[in-house]
Amino acid sequence: MRAFQLVGWRQPPELREVPVPGPGPGQVLVKVAGAGACHSDLHIMQAPVPLPGFTNLPFTLGHENAGWVEQLGPGVTGFAPGDPVIVYGAWGCGGCANCREGRENYCQNLGGQGPGLRGGHDGGMAEYLLVPAARYLIPLGALDPRQAAPLSDAGLTSYHAVKRSLHLLGPGSTAVVIGAGGLGQMTIQILRALSAATTVVAVDTDAGKLETAKRMGADEALFSGDEAITRIKDMTAQQGAQLVLDMVGIDPTLRMAAQVARMLGHLTIVGLGGGALPVDFSSPPHECSVASPYWGSLTELMEVITLAQQDKIKMLVEHFPLQRANEAYQLLHDGRIQGRAVITP
Ligand code: NAD
Ligand code: ZN
């Protein structure tokens, strides 16, 4: 089969011919319908040095996957060939306390492994994906897996980041989303769906993204910079927002996040832009909690799928065949993907 693989550091991934894997005991082979192209993949491709844990080059990219069950390994029950499924991508040990709670994103033994990520497992930018355990498959029901694939990361990461702060989002509250790309657009819709009373402010550098953010339910869409800071302060009686989500994570966005967060609020860093948040006694504001969540739990992915089935969240998807995957990443790099690029074999 054809697979889009990272073959070396700081060089473009290549489409290569590889064998179709066979599912061993407990494993499931999935026929891939779509694999989302996440900005994290660009961080991986552009890393100046080999990243810790990314040892097994070449490996197939794609950690945001959905498709149809193709073949069940010995002992697997509960699924049948042809079932549409989304693949939970944080693959833990299954035995530690966090894994047993479904929080395999915070596995205490294998933290951060997954398809197309740390650990050397092949990802979904191929015709087939080998999934190590059936518990990672969530049935999609009537959802189209080509459309649903980004829910497993852009959807799940955004959902987890919002849900942990939901207690702050009462009537009159404000949430700021910095970066309205793939994750940011999901975050805006999730904020709308989970907290109807919150004023949602989107911030981006791109006019098209700000338009999209408004269509996705943002009350205000502001160009990134000092004027946005002033506007958010004015909107919140100079107090700042209860929740600030930085989906970019570079120095200027982190600085902005600290300036528009309020005392006792949450400043949540989702973007892996490599910036640093300056911290002193009064900035971020007093008792504002800072967190850097990674992905989400298995049960949260089930909740995300329910929201999509209820038509409350929907990813804006552009499809690219495998042979155009490099072009899709170039467009993502250049800021020219309006929502999410999904690679289809
Ligand atoms: P994307 O490229 O689709 O979106 C990024 C958006 O940020 C774009 O709309 C861009 O215009 C905007 N932007 C760039 N500079 C900006 C600035 N200075 N101010 C405001 N907006 C700006 O990327 P994505 O796939 O949505 O990923 C976003 C980030 O989240 C990436 O860094 C990615 O690696 C990270 N990520 C983190 C997790 C996690 O678990 N924490 C999971 C997935 C992705
Ligand atoms: Zn574990």
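Bear in mind these aren't lab numbers, they're just calculated from the coordinates by the rules spelled out. The shown structure was predicted, so the numbers you read here are calculated from the model rather than taken from an experiment. With ideal geometry, Cβ positions are generated from the backbone for all residues, glycine too; neighbour counts draw on all protein chains shown.
Could you check what % of the DSSP bridge pairs in the chain are antiparallel, to the nearest 5?
Taking every DSSP beta bridge with both residues in the chain, the antiparallel ones total about 50 percent.
What number comes out for the charge environment of Gly339, summing +1 per Lys or Arg and -1 per Asp or Glu over other residues with Cβ under 11 Å away?
+3
For the chain, set up a Gaussian network in which alpha carbons nearer than 10 Å are linked by springs, and say which option among Leu316, Leu331, Leu61 fluctuates the most.
Judging by the Gaussian network model, the answer is Leu331.
Give the distance, in whole Å, between the Cα centre of the stretch 171-218 and the Cα centre of the stretch 219-258.
12 Å
Starting at the first residue of the stretch 268-281, write each ³J(HN,Hα) from the Karplus equation 6.51 cos²θ - 1.76 cosθ + 1.60 with θ = phi - 60°, in whole Hz, x for Gly and Pro.
10, 9, 9, x, 9, x, x, x, 10, 8, x, 10, 9, 4
Using a Förster radius of 22 Å, what is the FRET efficiency between Arg135 and Gln309 based on their Cβ-Cβ separation? Nearest 0.05, please.
So, using R0 = 22 Å, E works out to roughly 0.65.
Pick from Pro150, Pro12, Pro74 the residue whose mean-square fluctuation is largest in a GNM of the chain, springs joining Cα atoms under 10 Å.
Pro74
Just to confirm the number: angle between the C-alpha axis of helix 154-163 and the first principal axis of the chain, 0 to 90 degrees, nearest 10?
For helix 154-163, the angle is close to 40 degrees.
For the stretch 259-345, just say rounded, prolate or oblate: build the C-alpha gyration tensor, square-root its eigenvalues into a ≥ b ≥ c, call rounded for a/c under 1.5, and beyond that prolate if a/b exceeds b/c, oblate if not.
oblate
From the alpha carbon gyration tensor of the stretch 31-157, can you work out the equivalent ellipsoid semi-axes (sqrt of 5 times each eigenvalue) and give them in Å, largest to smallest?
23, 18, 13
Compute the label zone of Asp234 within the stretch 241-270: residues whose backbone N is under 12 Å from the point 7 Å along Cα-to-Cβ.
Hits in the stretch 241-270 for Asp234 at 12 Å: none.
Compute, for the stretch 157-291, the length of the dipole vector about the Cα centre, with Cβ point charges of +1 (Lys, Arg) and -1 (Asp, Glu) only. Units Debye, rounded to 20.
400 debye
So for the stretch 157-291, averaging the separation of alpha carbon pairs under 8 Å that are six or more residues apart and normalising by length, what relative contact order in percent results?
Over the stretch 157-291, the number comes to 22 percent.
Choose one of Leu194, Leu210, Gly240: the residue whose Cα lies farthest towards the positive end of the charge dipole of the stretch 194-270 (beta-carbon charges +1 Lys, Arg; -1 Asp, Glu; about the Cα centre).
Farthest towards the positive end: Leu194.
For Gln330 and Asp226, calculate 0.36 nm times their separation in residues minus their Cα-Cα distance, and state this gained length in nm to one decimal.
Length gained, Gln330 through Asp226: 34.5 nm.
Using a 10 angstrom cutoff on alpha carbons, build the Gaussian network for the chain and name the most mobile of Ala193, Ala328, Ala161.
Ala193
State the Cα centre-to-centre distance between the stretch 66-82 and the stretch 98-140 in whole Å.
One Cα centre to the other: 16 Å.
Could you tell me the relative contact order of the chain? Use alpha-carbon pairs under 8 Å, at least six residues apart, and round to a whole percent.
18 percent
Taking the Cα centre of the chain as origin, sum charge times position over the Cβ atoms of Lys and Arg (+1) and Asp and Glu (-1), and report the length of that vector in debye to the nearest 20.
Dipole size: approximately 300 debye.
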